[in-house]
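Colleague: One structure, pasted below without further comment.
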Amino acid sequence: MHQPPEQTKHFEDLGIARNFLEILKRLHFTTPTPIQEKAIPIAIAGKDVIGVAQTGTGKTLAFGIPMIQRIAIHKGKGLVVLPTRELALQVEEVLHKIGSALGLRSAVLIGGAPMGKQLQDVRKDPHIIVATPGRLLDHMEQRTVSLRIMTIVVLDEADRMLDMGFAPQIKKILAALPRERQIMLFSATMPQDIVRLATQHMKLPLQIEIARSGTVAEQVDQEFFMVAKEDKLRLLDTLLSQYRGTILIFSRTKHGAKKICRSVAGMGHQAAEIHSNRSLNQRKEALSGFKSGKYRLLVATDIAARGIDVTGIELVINFDIPDDPGDYVHRVGRTGRAGQVGKAITFVAPDQRGKVRDIERLVRKNVTLSQTPELPAHRPSAVHSPAPRHARHYGAHSPRQHRRRR
Ligand code: AMP
């Protein structure tokens, strides 16, 4: 018999309840992303899931839809543990968007926010709690939250939580859960400590790998510039006049982020900064200003930028190459989201070639390292397109010319 070609599935094929399908339709979610297509049916069936997927692949709905549906049908409560405040607020926003019509109540428990409001929220008996590990533990210790009632638990960006030193908190959280629970673990990379965590605490989890562990979204064009430290700001200045869309700039330190933000503001750009020296309100304002277009540029450190979900970021600039190649994958994953084309440019100081090799190993790709283009002595008054003086390559790639944009 003739076999029909394998087709992209629809949300209708994944076991989602009819009323929920209506909500997705109303929100214009028509076709599931690959992680949603694979994770939703398994998670709706109540099984443990490990999802190896980068941010931007649609994983919030991949766990959000099954979580809300199972809570609506089987009762019980949900818990989402994730590394940063920003990600917590974003995830809760998504859950609220899809769940409010079904009467879903949720609470966000994050550091830096007043305890009083959180106490009020937990007293309202939320169906889902979205929390960062430290503040969740505070609530557990003060007995304002009990994890004994949690039937569905999501560990989002698990690799990042371990990198941030949250392993002891995660252990305590897992130990406080009831024996009968469903766990969904999402991580962009799968280091050994995550595998260990999963084998110890999950029941025959099904592993779904969307992008290979450590791969960068296919649709991100990546470029590396060899640039002396003292020339970085001038190179940045040149790039900021070449690219006209929204740009996310990464700094290794919070002091660096502050300095970059001040410098680009001096170059006449609307910029905001997001790092741990900013208050929660300042960080929220920076993020919403970046989303609304008030700020074209956002300067961020790795931790603060986790989970930033802004569509249409044209360019990610790694002003400082990250120490950890895993951070490179996360940073670059901010552009080229949900099928769009993105671009990432990384500044490499002459003594940082080893870091480029670490990145190449993780992303399994050879990269071209271009020399600093000719830079103007002063801020250019017109759009300027530099050509690289030399190009040094690693591996078999041919040199890529620095193209004129627009
Ligand atoms: P996430 O990885 O959950 O942060 O999602 C990344 C972006 O993809 C968000 O802006 C989502 O709104 C969007 N998104 C998620 N699922 C879908 C879908 N099925 N169709 C279109 N966009 C989606």
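Colleague: Quick check on this structure: which one of V80, V108 is in contact with a helix residue (DSSP H, G or I) (Cβ under 7 Å, 6 or more places away or on another chain) and within 18 Å of P66 (Cα to Cα)?
Modeller: Within the list V80, V108, the selection yields V80.
Colleague: If you take the residues of the stretch 6-29 that are touching a residue at least 40 places away in the same chain (Cβ under 8 Å), part of a loop (DSSP other than H, G, I, E, B) and surrounded by fewer than 16 Cβ atoms within 10 Å (Cβ to Cβ), which of them is nearest to the ligand (Cβ to nearest atom)?
Modeller: Among residues in the stretch 6-29 that are touching a residue at least 40 places away in the same chain (Cβ under 8 Å), part of a loop (DSSP other than H, G, I, E, B) and surrounded by fewer than 16 Cβ atoms within 10 Å (Cβ to Cβ), the one nearest to the ligand (Cβ to nearest atom) is L27.
Colleague: Answer yes or no: is there a residue in the stretch 30-40 that is loosely packed, with under 13 Cβ neighbours inside 10 Å, away from the ligand (no atom under 13 Å from the Cβ) and modelled with pLDDT under 90.
Modeller: No, because not a single residue in the stretch 30-40 is loosely packed, with under 13 Cβ neighbours inside 10 Å, away from the ligand (no atom under 13 Å from the Cβ) and modelled with pLDDT under 90.
Colleague: How about the stretch 233-269: which of its residues are at pLDDT below 95 and of a type in the set (S, T, N, Q)?
Modeller: Answer for the stretch 233-269, where residues must be at pLDDT below 95 and of a type in the set (S, T, N, Q): T238, S241, Q242, T246, T253.
Colleague: Any chance you could count how many residues in the stretch 41-70 are at positive phi and within 16 Å of the ligand (Cβ to nearest atom)?
Modeller: Counting residues in the stretch 41-70 that are at positive phi and within 16 Å of the ligand (Cβ to nearest atom) gives 2.
Colleague: Here is a further query. Name every residue in the stretch 281-318 that is over 21 Å from V220 (Cα atoms) and of a type outside the set (D, E, K, R), in order of residue number.
Modeller: Once the filter is applied, which keeps residues that are over 21 Å from V220 (Cα atoms) and of a type outside the set (D, E, K, R), the stretch 281-318 yields N281, Q282, A286, L287, S288, G289, S292, G293, Y295, I303, A304.
Colleague: Turning to a different aspect of this structure: Listed residues R400, R357, R405; which is modelled with pLDDT of 75 or more and either of a type in the set (K, R) or within 16 Å of the ligand (Cβ to nearest atom) (or both)?
Modeller: Unique residue meeting the criteria: R357.
Colleague: Let me ask something else. In the stretch 71-84, is there at least one residue being in the same structural domain as F186 (by TED's automatic domain parsing), within 15 Å of the ligand (Cβ to nearest atom), loosely packed, with under 15 Cβ neighbours inside 10 Å and not in a helix (DSSP H, G or I)?
Modeller: Looking for residues that are in the same structural domain as F186 (by TED's automatic domain parsing), within 15 Å of the ligand (Cβ to nearest atom), loosely packed, with under 15 Cβ neighbours inside 10 Å and not in a helix (DSSP H, G or I), one finds none in the stretch 71-84, hence no.
Colleague: I want to confirm something. Restricting to the stretch 98-120 and keeping residues that are surrounded by 15 or more Cβ atoms within 10 Å (Cβ to Cβ) and touching a residue at least 40 places away in the same chain (Cβ under 8 Å), which single residue is farthest from S276 (Cα to Cα)?
Modeller: Here the residue is L102.
Colleague: If a residue counts only when it is under 22 Å from T60 (Cα atoms) and out of contact with any Gly (no Cβ under 7 Å at 6 or more places or on another chain), which helices (runs of 4 or more DSSP H) contained entirely in the stretch 243-311 have at least 1 such residues?
Modeller: The helices (runs of 4 or more DSSP H) meeting that bar are 280-292, 302-305.
Colleague: What tally of residues in the stretch 132-146 results from selecting those that are within 22 Å of D159 (Cβ to Cβ), surrounded by 21 or more Cβ atoms within 10 Å (Cβ to Cβ) and in contact with a helix residue (DSSP H, G or I) (Cβ under 7 Å, 6 or more places away or on another chain)?
Modeller: Of the residues in the stretch 132-146, 3 are within 22 Å of D159 (Cβ to Cβ), surrounded by 21 or more Cβ atoms within 10 Å (Cβ to Cβ) and in contact with a helix residue (DSSP H, G or I) (Cβ under 7 Å, 6 or more places away or on another chain).
The values are calculated or read from the model by the stated rules, or taken from the named source; none is laboratory data. The structure displayed is predicted, hence computed values, not measured ones. All Cβ positions, glycine included, derive from the backbone under ideal geometry; neighbour counts span all protein chains shown.
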